[in-house]
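All of the numbers you see were taken from the coordinates with simple rules; none came from a lab. This is a predicted model, so every value here is computed, not measured.
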Amino acid sequence: MMPKVVPEYKEEAKKRIIRHATKLLSAKGYSKTRMIDIAESMGVSKGAIYQYFESKQELLLSVLETHADIRGREVSSLLDSGNITAISTEEFFDRMLSLRMGSLALTLDLLRDLATNSPALKWIKESYESWAEGVSKMIDDFKEEGVVKKEVDSESVARAILALRDGLYGSLSLGSDVSKARRTWVTVMGLLMNEILVNPNGA
């Protein structure tokens, strides 16, 4: 029997699969999400999913890549105003939190399964370095504009911001209070802005 085909063109079909997979992975984790679950949530056969992704690991990698791209574009759009202090606000934290793909089940699954999923592990390492490079470049751009002090080590600041983000995300996956994580982000980022900006009060 031929699989029930996803009723969109190839790229649109893949995007739809990724959207449904993202929702299920976030809710149930990696190990408890089956390809048949994703197919049923879409109203198609499991064979239709395998027309676009050869394995669940391949689909996971596509989900991670798509999610990172969405978050990256969101950060860029939020900074289009040219105000670096935007990243230290509650609004920024909440927006990033709304885009976060995470649950305790998924986090634990990824930590366990990455040991045997070398493509995903390789991608996560490369993605982290790409984020660090991108944030570092953003800080360099603000240096050129005279907003950030010239002597600031852009790469170290970038990695500190990512470490704070990842630490708070990790705590939320373990059930920490969102309001406390939000307050921590705003407080620590505010202190950081005071250190790196040429004119913190006028930013």
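Which of the pairs Lys122/Lys149; Lys10/Lys32; Lys150/Lys180; Lys143/Lys180; Lys23/Lys56; Lys125/Lys149 have their Cα atoms more than 23 Å apart in this structure? Before the final figure, lay out the partial values.
Working: Lys122/Lys149 34 Å; Lys10/Lys32 27 Å; Lys150/Lys180 33 Å; Lys143/Lys180 31 Å; Lys23/Lys56 14 Å; Lys125/Lys149 29 Å.
Flagged as over cut-off: Lys122/Lys149; Lys10/Lys32; Lys150/Lys180; Lys143/Lys180; Lys125/Lys149.
Building the convex hull from the alpha-carbon atoms of the range 45-100 and averaging its projection over directions returns 4.9 nm². Once the chain from Arg112 to Asn194 is taken as fully extended at 0.36 nm per residue, the excess over their C-alpha distance is 25.6 nm. The slack in the chain from Leu97 to Ser179, taken as 0.36 nm per residue of separation less the alpha-carbon distance, amounts to 28.4 nm.
Can you tell me the convex hull volume per residue for the range 129-203, based on C-alpha atoms, in Å³ to the nearest whole number? Show your work: numbers first, answer last.
Details: hull volume 5.9 nm³, N = 75.
Spelled out: Cα convex hull of the range 129-203, divided by residues, is 79 Å³.
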